Amino acid sequence: MTPQTNIPRSQASRPVSPSTHRSGAAARFRPRGKKPGQKRTGYSGSHGQAGPSDAGINDYKNKGENTLKIIPLGGQEEVGRNMTIFEYGKDIVILDMGVQFPEEDMPGIDYIIPNISYLQGREKDIQAVIFSHGHLDHIGAAPILLQKLNYPPIIGRDLTIALIKKRLEDYEKSSAKRLDIIPVKSIQDKIHLGNFNLSFFDVEHSIMDAVGVILQTPSVTVVHPGDWTMDKDPISGKLLSYAHLAALPGPKVLMLESLGATDMSTSHVTEKEMYANLEKLINEATGKVIIGTFASQIRRVGHILEYAKTVGKKVALDGFSMKMNVEIAKELSYIKVDKETLITVNDLHKYPDNKIIIICTGAQGEGNAVLSRIVAGDHRFIKVRKQDTIIFSSSVIPGNERTVQRLKDNLYRQSDNVIHTDIMDVHTSGHCNAQNIKEIIGQIKPDFFIPVYGNHYMLKEAAKLAVEVGMHKANIFVLDNGAVLEFASTGEPKIHNKKVPTGYVFVDGLGVGDIGQVVLRDRQAMAQDGMFVVIVTIDTQTRQVRNSPDIISRGFIYMRESKELLYQVRQKVKEIVHHSIGAKGPLNEDYIKDQVRDKIGQFLYTKTERRPMVLPVLIEV
């Protein structure tokens, strides 16, 4: 075993030798207490319901048990918000800090981050945060959560760390200087983190520098590939296998991203096939080529840049995240950029259309992204013509189906050459399919299986696939967010009856967590039926309504065309206030407001069968 070196937590950044030590404990991998292949008895079916209630904040803390607890804070009931806690005794290791993008019933919300209330007061116990790769559903919450946790050490490969640094700087200037970085320089690196021994393995994914994680503890060995896929004909020519992980000390727990559990296709589009199709389209194009793809597809962008050079075409990049990611990749020497090939969008007019390739963001139909602005005619330098070729080199993120469909419709009106994955293989997924899941389980041969990173139905389907390849149902756990799964050195794994808190933490502008369910319900109500404001001026001497009540309507009725209804509402308001105000004593504003809100709400429903949010305002004069 290569000797390991002590690394003080206060040191900000350092190179990692093949082995790195993160505590004063003995720096060797400990032998397992159980042999691989041991089965539990007395269980049937997969486990996912950890109980209806959340645990109190301190229910599981500071007990120092010699057991491993696996606690997903997100990613088990949705696509995104990926974050998992691994806790052994008092030592904590975290994997990923991702965001979840808002759903349609969350108006005004920018994104959602994991709830870390379980970790409050435990900041000093956090040995490190490991980042598997640089996609936002794995690093997007890092600027906020690292700050809240007092910047524990972070571990990741170069591109992943560079993307995290950039996000921190965008969130708060100079905050990246506070990072305590342990870079993963080699797949052979080994890092000691208290009761955890961390090592790595290669995985295939759609972003460069993705890495799989092995966490060895005295109880079990956890294998977590992060996001992954299997390319049967990779560009490198080297077929990636996970069979070597079967030799890890047991019992082994495989935590496997299962987004593709319902994809029953027998094969993936390979990168070779995809690149061949892209090259054919670029070579045969008679006008501009506009390629919409994810900003994280750095390897794909690099390939297009190199091919463009060989055919004498110019490439322009557009989209903030696209240009930022390519600049970072250039600094890391991950892609080669020929200065004569890469041009700015400002210079597109200097070249014939058939000599231009534009690579941009916005293939998901995001409102302010480049492709949407091009379609809307709002882009200063790019206009679509009939002979142009538009390529969607991306998959549709779940939830974006309608916006992508509208984007395609509008592009088809403007161009005769719109290409997407339904008609040609111009994108390859970075995620697995059902066959891949069965293959990797067969290669690693885990003793326990935990499907992760997907909606509940995806995880249940992955569990079925594990049973098909010979795993016992009792050794499969389908967890909810906040479930606490505990592995001891002896005995059977168990799921605690109570969960830790994992409620949504909404980010809206500069606000983090200040938007709760009450505010969200108000927004939903206003979005559904609008808002109706009634302003009443009351004379405190005569106890009568002065003048006619003022009314403001937003999203409910068009006031100029509803004069009769507004007249009736004003008369109704006067009547309600007159009966609610009483003859003597101080005015009870709350009671009057409640009466106006309830009775005007009922009145409006009888007239329109709509329920706007009624907001009464009383002014005493």
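The values are calculated or read from the model by the stated rules, or taken from the named source; none is laboratory data. Bear in mind that the values here come from a model prediction, so they are computed numbers and not experimental data. Please note: Cβ atoms are built from the backbone with ideal geometry, for glycine as well, and neighbour counts cover all protein chains shown. Side chains are part of the model used for accessible areas, which takes the heavy atoms of the whole protein and leaves out ligands, DNA and RNA. Shrake-Rupley method; radii C 1.70, N 1.55, O 1.52, S 1.80 Å.
Within segment 217-237, how many residues turn out to be outside any loop (DSSP other than H, G, I, E, B) and modelled with pLDDT of 90 or more? Residues in segment 217-237 being outside any loop (DSSP other than H, G, I, E, B) and modelled with pLDDT of 90 or more: 4 in total.
Taking (1) assigned to a loop (DSSP other than H, G, I, E, B); (2) in contact with a Ser or Thr (Cβ under 8 Å, 6 or more places away or on another chain); (3) open to solvent by 20 Å² or more (accessible area, probe 1.4 Å) in turn, LEU240 satisfies each apart from (2). Here LYS177 qualifies as open to solvent by 10 Å² or more (accessible area, probe 1.4 Å), at pLDDT 90 or above and farther than 27 Å from PHE294 by Cα. Checking SER372, SER394 one by one, the residue that is assigned to a loop (DSSP other than H, G, I, E, B) and open to solvent by less than 50 Å² (accessible area, probe 1.4 Å) is SER394 and no other. Within segment 462-491, restricting attention to residues that are part of a loop (DSSP other than H, G, I, E, B) and small (Gly, Ala, Ser), the residue that is nearest to ARG81 (Cα to Cα) is GLY482. Taken residue by residue, segment 375-383 has at least one member that is over 26 Å from ASN283 (Cα atoms), acidic (Asp, Glu) and either part of a loop (DSSP other than H, G, I, E, B) or in contact with a Lys or Arg (Cβ under 7 Å, 6 or more places away or on another chain) (or both). Only one of the numbered conditions (1) of a type in the set (Asp, Glu); (2) in contact with an Asp or Glu (Cβ under 8 Å, 6 or more places away or on another chain); (3) open to solvent by 10 Å² or more (accessible area, probe 1.4 Å) is not met by ASP388, and that is (3).
In segment 358-369, the residue that is modelled with the lowest pLDDT out of those that are open to solvent by less than 60 Å² (accessible area, probe 1.4 Å) and in a loop (DSSP other than H, G, I, E, B) is GLY365. Does segment 219-228 contain any residue that is crowded, with 23+ Cβ neighbours inside 10 Å and charged (D, E, K, R)? Scanning segment 219-228, I find at least one residue that is crowded, with 23+ Cβ neighbours inside 10 Å and charged (D, E, K, R), so the answer is yes.
The one condition from (1) part of a strand (DSSP E or B); (2) under 19 Å from ALA210 (Cβ atoms); (3) more than 24 Å from the chain's Cα centre (by Cα) that LEU317 does not meet is (2). Does segment 562-580 contain at least one residue that is over 18 Å from GLN528 (Cβ atoms) and under 45 Å from the mean Cα position of the chain (by Cα)? Yes, segment 562-580 contains at least one residue that is over 18 Å from GLN528 (Cβ atoms) and under 45 Å from the mean Cα position of the chain (by Cα).
What do you reckon, is SER199 at pLDDT 95 or above, within 21 Å of ILE444 (Cβ to Cβ), among the hydroxyl-bearing types (Ser, Thr, Tyr) and open to solvent by less than 50 Å² (accessible area, probe 1.4 Å)? Yes. For segment 422-436, taking the residues that are in a loop (DSSP other than H, G, I, E, B) and open to solvent by 60 Å² or more (accessible area, probe 1.4 Å), the one that is farthest from ASN277 (Cα to Cα) is identified as ASP422.
The requirement of being buried (at least 18 other Cβ atoms within 10 Å of the Cβ) and modelled with pLDDT of 50 or more is fulfilled nowhere in segment 42-65; no residue meets it. Residues in segment 542-599 that are touching a helix residue (DSSP H, G or I) at 6+ places or on another chain (Cβ under 8 Å) and small (Gly, Ala, Ser): SER548, SER553, GLY555, SER580. Scanning segment 397-420 for residues that are open to solvent by 30 Å² or more (accessible area, probe 1.4 Å) and over 23 Å from the mean Cα position of the chain (by Cα) returns ARG406, LYS408, ASP409, ASN410, TYR412, ARG413, GLN414, ASP416, ASN417.
Close contacts from segment 140-159, counting a first residue that is in contact (Cβ under 8 Å) with a residue 12 or more places away in the chain and within 12 Å of SER175 (Cα to Cα) and a second that is open to solvent by less than 10 Å² (accessible area, probe 1.4 Å) and part of a loop (DSSP other than H, G, I, E, B), with Cβ to Cβ under 6 Å and a gap of 6+ residues or different chains, come to ALA142/MET97.
Counting residues in segment 402-418 that are touching a helix residue (DSSP H, G or I) at 6+ places or on another chain (Cβ under 7 Å) and not in a helix (DSSP H, G or I) gives one or more.
Anything in segment 166-220 that is over 24 Å from HIS268 (Cβ atoms) and of a type in the set (Ser, Thr, Tyr)? List them, or say none. Answer for segment 166-220, where residues must be over 24 Å from HIS268 (Cβ atoms) and of a type in the set (Ser, Thr, Tyr): TYR171, SER174, SER175, SER186, SER199, THR217, SER219.
Here is the figure for segment 279-296: residues that are part of a helix (DSSP H, G or I) and either open to solvent by 10 Å² or more (accessible area, probe 1.4 Å) or modelled with pLDDT under 90 (or both) total 5. The number of residues in segment 305-336 being closer than 21 Å to LYS355 by Cβ, in contact with a Gly (Cβ under 9 Å, 6 or more places away or on another chain) and open to solvent by 40 Å² or more (accessible area, probe 1.4 Å) comes to 1.
Inspect segment 164-171 for any residue being hydrophobic (A, V, I, L, M, F, W, C), out of contact with any Asp or Glu (no Cβ under 9 Å at 6 or more places or on another chain) and closer than 17 Å to ASN82 by Cα and give the result as yes or no. The answer is yes, given that some residue of segment 164-171 is hydrophobic (A, V, I, L, M, F, W, C), out of contact with any Asp or Glu (no Cβ under 9 Å at 6 or more places or on another chain) and closer than 17 Å to ASN82 by Cα. Within the bounds of segment 403-417, is there any residue that is under 18 Å from LEU278 (Cβ atoms) and modelled with pLDDT under 90? No, every residue in segment 403-417 fails to be under 18 Å from LEU278 (Cβ atoms) and modelled with pLDDT under 90.
Considering (1) modelled with pLDDT of 90 or more; (2) within 25 Å of HIS205 (Cα to Cα), the lone condition that VAL426 does not fulfil carries the number (1). Inside segment 533-551, residues that are within 16 Å of LEU615 (Cβ to Cβ) and modelled with pLDDT under 90 make up a count of 0.
Kindly evaluate ILE187 against the criterion of being more than 24 Å from the chain's Cα centre (by Cα) and surrounded by fewer than 20 Cβ atoms within 10 Å (Cβ to Cβ). In short, yes. Contact annotation: residue pairs with Cβ atoms under 9 Å, 6 or more positions apart or on different chains, pairing a residue in segment 98-119 that is at pLDDT below 75 with a partner that is charged (D, E, K, R) and open to solvent by less than 50 Å² (accessible area, probe 1.4 Å), are GLU103/GLU78; GLY108/ASP508; ILE109/ASP508.
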